[in-house]
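Novice: Mind looking over this structure? Questions follow.
Just so it is clear, none of the values below were taken in a lab; they were calculated from the coordinates. Predicted model, so just to flag it, every value in this text is computed and none were measured. When we count neighbours, we look across all protein chains shown, and the Cβ atoms used for this are built from the backbone with ideal geometry, even at glycine.
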Amino acid sequence: MGFIRWCLNVDRRVIYLLLAATIGLGMCVDWKMTMSISPPVRSLYDHIDKLKEGSTVVLSVDYDPGSEAELQPMLMAVLRHCMKKKIKVIGVANVMTGTSLGADAFKAVAKEYNAKDEEDYVYLGFVYAPIILGLGEDIVATFPLDFAQKPTKDMPIFKKVKNLKDVSLAISFASNAMPDAWIMQAYTRYGCRVAAGVTAVQAAEYYPNLDTGQLVGLINGLKGAAEYETLVNKPERAMRGMNPQSAAHVVIIAFIVLGNIAYFVTGRKKTGGAAQSAGH
Amino acid sequence: MFRRQLPLALCFVFAVIFLVQSFVNKPWSTEFASKMFTEITPVMGTFAIAIGISTFVNYHMAKMRRKVEGWRYSTVALVAMFAMGAIGIFGGIDTGSLSEKLFLSVFSPMQGAMFSLLAFFMASAAYRAFRARTFEATLLLLAGVIVMLGRVPIGDYLTGGSASVVTEWLLKVPNMASKRAILLGVSLGMVATSLKIMVGIERSWLGGGD
């Protein structure tokens, strides 16, 4: 009975310690698991895959370093797909603190595919302006300079692309409500197709937009990023994150099951569990 | 007049202009919108930065002057803001600059660390909250466990691939049905609130608890 009582009221420090140990172990173990591809990720991949060479895609960095672990791998996976398919990419940032993260991703992936700055891709960064509406009207007027402070006016990438009407797809990688703004402004006002890559906790919010066709695809959390890495055949950070994430989920589920068994064995009596819940 | 009537009048006039502009598909109308979005609003955004900095400085200076609890943190906040600003302005913000190095080596890991702590709080909270006390709590518990399994490859490995299929169904059917109902309600509320702001019934944005 002592163990059952313990299970009902495990000290939070024990949970923290076990979770940390399991995540650490998950990082060390190289266990290759089969990755199932969810329909929203497949849909986005297929949409990009069907774009013609030379089409233009806008990738928007709408997250800050707090969500970098989840969203940076998806940005890089999608960038790899676009650059591999010779699709031109315009990068912008709607969150100021995410600007450097986007620049890093563009620089790293462009190097892998020998993509030329200003011609095959350009990273514009952030400006204090309603960026989506500005892109919808005139990209060069909204961003007279790119992230590296070079004038955008005569860049070859903008010869055929004036605004969002000339863009085949815009993808918002977001840890906030920016995909809503992209749907309302880029899709509804300018008719530009939109997709999103969001953190796992946000993903449930965007299923209605997926069903209506307002989003052509959705990358859901780190697992979604790992799915995209599988599709582009370049397993990187997201795939490496799957083992610790799997281990952490299993530990949490084990604690939930243990807690419920103890709850039923002790006859559903009110215990200190509820009292402690406020303090996690 | 300048504190109340003028902002209310400006709000009404611009709201009507942009509402009408959205429905007028003429060259003069789109040119007007283009000019506003690409030229005028960035200028307004720049003023917003100035207001933001001044509010930030005033707030922390007041805390430091009155020596209220935690005033030392205000010193750190002010020094950090001015130091980062000066480094960026005088040293540049390009790739490889000191400003970028500080951002990537200090700010980025600190924010990542703060966010990662959530995993530990959530684990502890899930253990205590997910108890099958009632029918509704049991449903929540089952859905939570299935989604947790469906969002990691080990879930599919343990359930022969069914975890991700059931997770996708949960997101696509029950989740979407409830989300749509909430979205419709929220959207109608947004329209009503926007109209109230436009015509000056809702004035809390002016400040002063009106």
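Novice: For the pair B:Lys35 and A:Met155, what calculated FRET efficiency results from E = 1/(1 + (r/R0)^6), where r is the Cβ-Cβ distance and R0 = 25 Å, to the nearest 0.05?
Specialist: Efficiency, from the Cβ-Cβ distance: 0.65.
Novice: Of the beta bridges DSSP finds with both residues in segment A:112-218, what % are antiparallel, to the nearest 5?
Specialist: Rounded to the nearest five, the antiparallel share is 10 percent.
Novice: With a/c under 1.5 counting as rounded, go ahead and sort segment A:57-124 into rounded, prolate or oblate using the C-alpha gyration tensor (a ≥ b ≥ c being the square roots of the eigenvalues; past the cut-off, prolate if a/b is larger than b/c, else oblate).
Specialist: prolate
Novice: What fraction of the DSSP beta bridges in the protein assembly as shown is antiparallel, stated in percent and rounded to the nearest 5?
Specialist: Of all bridge pairs located within the protein assembly as shown, approximately 5 percent are antiparallel.
Novice: Please give the net charge around B:Ala125, taking every other residue with its beta carbon less than 13 angstrom from that of B:Ala125, where Lys and Arg add +1 and Asp and Glu add -1. Numbers along the way, then the final one.
Specialist: On the way: positive: A:Arg12, B:Arg128, B:Arg131; negative: none.
Computed value for this residue: +3.
Novice: Pull up all non-local amide H partners of A:Val194: gap of 5 or more, or a different chain, and H-to-H distance under 5 Å with H placed in the peptide plane.
Specialist: A:Ala170, A:Val216
Novice: Further, regarding this structure: Would you kindly state the longest site-free stretch of chain A, with sites defined as chymotrypsin sites (Phe, Trp or Tyr not before Pro) in a DSSP loop (not H, G, I, E, B) surrounded by at most 16 other Cβ atoms within 10 Å?
Specialist: Within chain A, the longest run free of exposed chymotrypsin sites (Phe, Trp or Tyr not before Pro) spans A:129-280.
Novice: A further question follows. Grab the Cα-Cα distance for A:Thr188 and A:Lys52, subtract it from 0.36 nm times how many residues apart they are, and report the gain in nm with one decimal.
Specialist: On the way: separation 136, 0.36 × 136 = 48.96 nm, distance 2.34 nm.
46.6 nm is the gain from fully extending A:Thr188 to A:Lys52.
Novice: Next up: So what's Rg/Rh here for chain A, counting alpha carbon atoms and using the Kirkwood radius for Rh?
Specialist: Working: Rg = 22.2 Å, Rh = 20.5 Å.
Radius of gyration over Kirkwood radius for chain A works out to 1.08.
Novice: How much net charge surrounds B:Val165 when only the other residues with a Cβ under 11 Å from the Cβ of B:Val165 are counted, with Lys and Arg +1 and Asp and Glu -1?
Specialist: Around B:Val165, the surrounding residues sum to -1.
Novice: In addition: I'd like the GluC sites (Glu not before Pro) in segment A:40-89 restricted to DSSP loop residues with at most 10 other Cβ atoms within 10 Å, sorted by number.
Specialist: A:Glu53
Novice: Kindly put A:Thr152, B:Thr75, A:Thr56 in sequence by how many other C-beta atoms sit within 10 Å of each C-beta, fewest to most.
Specialist: Ordered from fewest to most neighbouring Cβ atoms within 10 Å, A:Thr152, B:Thr75, A:Thr56 come out as B:Thr75, A:Thr152, A:Thr56.
Novice: With the Cα gyration tensor of chain B in hand, give its eigenvalues times 5 under a square root as the equivalent ellipsoid semi-axes, listed largest first in whole angstrom.
Specialist: 41, 33, 22
Novice: Next question, about the same structure. Nearest 500 deg cm²/dmol is fine: what mean residue ellipticity at 222 nm does the protein assembly as shown get from its DSSP H runs of n ≥ 4 alone, each adding -39,500 (n - 2.57), divided by its residue count?
Specialist: Rounded to the nearest 500, the figure is -19500 deg cm²/dmol.
Novice: Hey, another quick one. Measure of size requested: the Rg and Dmax of the protein assembly as shown, with Cα atoms as the atom set and Å as the unit; please supply both.
Specialist: Considering the protein assembly as shown through its Cα atoms, Rg and Dmax are 25.0, 80 Å.
Novice: Follow-up. Could you sort out which of A:Lys52/A:Lys84; A:Lys88/A:Lys160; A:Lys50/A:Lys162 sit more than 20 Å apart by Cα distance in this structure? The partial results should precede the final answer.
Specialist: On the way: A:Lys52/A:Lys84 12 Å; A:Lys88/A:Lys160 11 Å; A:Lys50/A:Lys162 22 Å.
Those over the limit are A:Lys50/A:Lys162.
Novice: To check you understand DSSP bridge types, tell me what percent of the beta bridges within chain A (both residues inside) are antiparallel, rounded to 5. Could the numbers behind the result be given before it?
Specialist: Values: 1 of 27 bridges.
Percentage antiparallel, nearest 5: 5.
Novice: If I model a spin label as a point 7 Å beyond the Cα along the Cα-Cβ vector, how far apart are those points for B:Gln21 and B:Val186 in nm?
Specialist: 2.6
Novice: How big is the equivalent ellipsoid of segment B:170-210 along its three axes, where each semi-axis is √(5λ) from the Cα gyration tensor, reported in whole Å from largest to smallest?
Specialist: Its equivalent ellipsoid spans semi-axes of 32, 10, 5 Å.
Novice: Related question: With +1 assigned to the C-beta of every Lys and Arg and -1 to the C-beta of every Asp and Glu, and no other charges, what is the dipole magnitude of the protein assembly as shown about the Cα centre in debye, to the nearest 20?
Specialist: Roughly 1160 debye for the protein assembly as shown.
Novice: Between segment B:30-107 and segment A:48-123, what is the separation of their alpha carbon centroids in Å?
Specialist: A separation of 26 Å, based on Cα centres.
Novice: Can you work out the base-10 log of I(q)/I(0) for segment A:1-75 at q = 0.26 1/Å, using the Debye formula on its C-alpha atoms alone?
Specialist: -1.20
Novice: OK, next. Using only Cα atoms, find the angle between the long axis of helix B:162-172 and the longest principal axis of chain B, and express it within 0 to 90 degrees, rounded to the nearest 10.
Specialist: 40
Novice: Could you work out, for segment B:120-210, what percent of all Cα-Cα pairs fall into each 10 Å distance bin, beginning at 0 Å and stopping at the bin that holds the largest distance?
Specialist: Calculated P(r), rounded to whole percents: 14, 25, 26, 16, 16, 4, 0.
Novice: Another one. Need one word for segment A:103-229: rounded, prolate or oblate. Basis is the Cα gyration tensor (sqrt eigenvalues a ≥ b ≥ c); a/c below 1.5 gives rounded, then a/b vs b/c decides. Provide the component values of the computation, followed by the final result.
Specialist: On the way: a/c = 2.04, a/b = 1.36, b/c = 1.50.
In terms of gyration-tensor shape, oblate.
Novice: So which residue, out of A:Glu236, A:Glu118, A:Glu205, gets the largest mean-square fluctuation from a GNM of chain A using Cα contacts under 10 Å as springs?
Specialist: Looking only at A:Glu236, A:Glu118, A:Glu205, the biggest GNM fluctuation is shown by A:Glu205.
Novice: Can you tell me the 0 to 90 degree angle between the C-alpha axis of helix A:237-265 and the longest principal axis of chain A, rounded to 10?
Specialist: 30
Novice: To the nearest Å, what is the center-to-center distance of segment A:171-206 and segment B:136-169, using C-alpha atoms only?
Specialist: Spelled out, the Cα-based centre of one part sits 25 Å from the other.
Novice: Something else now. With +1 on the Cβ of every Lys and Arg and -1 on the Cβ of every Asp and Glu, and nothing else charged, how large is the dipole of segment A:110-205 about its Cα centre, in debye rounded to the nearest 20?
Specialist: With Lys and Arg at +1 and Asp and Glu at -1, about 200 debye.
Novice: Another question, if that's okay. Can you give me the relative contact order of chain A as a percent, contacts being Cα pairs under 8 Å and 6 or more apart?
Specialist: Rounded, it is 27 percent for chain A.
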